Amino acid sequence: MFRHILLTGNCIVVVAAIVISVGCTNGTSPGTSAPNPAVTEAVHGHQPSVHGGTLISIGKDNFHAEAVFEQGAKLRLYMLGADETKVMDVEDQTLRAFVKVGGMKETLPFELRADPQPGDQQGRTSQFVAELPPDAVGKPVQIVIPSVRIGADRFRIAFASDAAHTDTAMPAKLGSEEEQQVFFTPGGAYTAADITTNGKTVAAVKYRGVRAQHDDNPKPGEAICPISKTKANPKFTWVIGGKTYSFCCVPCIEEFVLLAKEKPAEIKDPKDYVK
């Protein structure tokens with residue numbers, strides 16, 4: 001059972017457990033000029049989460065989401081309706097998010113990208129996926145998503161996890177089992193020589209602590225990330241097929257290596273990834 005304290009106007013939802021969720025539309029409620037100081041309290045139960053994740057209340061339980069921390073650094077966010085047993089798709093969008101690691105004062109930015117599930121309508125998604133920044137893996141974290149569009153409204157979501165929701169089974173120097181499978185096994189255009197040249201490591205470890213800065217407006221002639229098509233960052237490079245490619249962030253490196261292994265014919269020369 002979850003215990004909520006709801007403040008009308010500017011909405012505050014306090015959840016007794018590891019979830020903190022805040023959902024508010026922009027501005028004050030229609031017909032009001034200032035936040036209402038009245039506080040109401042509601043106690044009710046939720047159904048168990050389908051994927052064993054953290055259930056999040058959005059907008060006074062008008063909607064819900066489920067956050068699942070998978071092995072390694074992956075985070076999945078499933079969108080649910082007022083009835084948390086029902087899947088809900090929302091407008092396809094990229095969610096800007098910030099994570100604060102326990103013991104750290106600063107926050108680290110990352111993105112959750114739409115990953116539609118079967119049955120989602122065209123241009124909509126019921127699932128978002130992200131790779132947490134390397135510094136957040138295996139540690140207690142607090143995550144804030146400042147804006148999620150649901151219909152005509154926007155909501156702010158916040159939730160937290162403890163170390164039990166992240167993977168610490170693999171040594172940090174090796175990365176997760178899934179990462180090792182991606183980066184330590186050759187295939188397609190990705191060769192054994194590439195693995196050696198890249199330092200026999202995984203991208204999340206090699207670029208631990210390096211911040212990604214996404215620039216959606218690269219200038220003509222500038223290198224672009226082969227996956228996101230945003231401006232490439234020379235700090236994030238990986239060798240595939242003996243050639244050095246530049247990316248915007250670690251998740252794009254992983255996705256491109258998988259593409260090189262599974263669909264090598266789709267891989268272009270580095271000079272072709274230019275605005």
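Considering only residues that are surrounded by fewer than 18 Cβ atoms within 10 Å (Cβ to Cβ) and hydrophobic (A, V, I, L, M, F, W, C), look in the stretch 72-97 and name the one that is modelled with the lowest pLDDT. Out of the qualifying residues, it is Ala82.
Taking the conditions exactly as written (touching a residue at least 60 places away in the same chain (Cβ under 8 Å), more than 25 Å from Val210 (Cα to Cα) and part of a strand (DSSP E or B)), does Arg154 satisfy them or not?
Against the criterion (touching a residue at least 60 places away in the same chain (Cβ under 8 Å), more than 25 Å from Val210 (Cα to Cα) and part of a strand (DSSP E or B)), Arg154 qualifies.
Considered as a group, the residues in the stretch 133-150 that are touching a residue at least 60 places away in the same chain (Cβ under 8 Å) and open to solvent by 10 Å² or more (accessible area, probe 1.4 Å) include one that is nearest to the chain's Cα centre (by Cα), and that residue is Pro133. Residues that are at pLDDT below 95, open to solvent by less than 20 Å² (accessible area, probe 1.4 Å) and not in a loop (DSSP other than H, G, I, E, B) are absent from the stretch 216-223 altogether. Does the stretch 259-275 contain any residue that is open to solvent by less than 30 Å² (accessible area, probe 1.4 Å), assigned to a strand (DSSP E or B), at pLDDT 90 or above and not polar (S, T, N, Q)? No, the stretch 259-275 has no match at all. Counting only residues that are of a type in the set (A, V, I, L, M) and either part of a strand (DSSP E or B) or at pLDDT 90 or above (or both), the stretch 41-54 holds 2 of them. Taking the listed residues Lys100, Lys105, the one that is more than 23 Å from Glu255 (Cα to Cα), surrounded by fewer than 16 Cβ atoms within 10 Å (Cβ to Cβ) and among the basic types (Lys, Arg) is Lys105, with no other qualifying. Of the residues that make up the stretch 226-248, is at least one in contact (Cβ under 8 Å) with a residue 12 or more places away in the chain, in a loop (DSSP other than H, G, I, E, B), of a type in the set (D, E, K, R) and farther than 21 Å from Leu112 by Cβ? The answer is no, given that none of the residues of the stretch 226-248 is in contact (Cβ under 8 Å) with a residue 12 or more places away in the chain, in a loop (DSSP other than H, G, I, E, B), of a type in the set (D, E, K, R) and farther than 21 Å from Leu112 by Cβ.
The values are calculated or read from the model by the stated rules, or taken from the named source; none is laboratory data. Only a predicted model underlies this, so the values are computations on that prediction, with no experimental measurement involved. With ideal geometry, Cβ positions are generated from the backbone for all residues, glycine too; neighbour counts draw on all protein chains shown. Heavy atoms of the whole protein, side chains included, go into the accessibility calculation; ligands, DNA and RNA do not. Shrake-Rupley method; radii C 1.70, N 1.55, O 1.52, S 1.80 Å.
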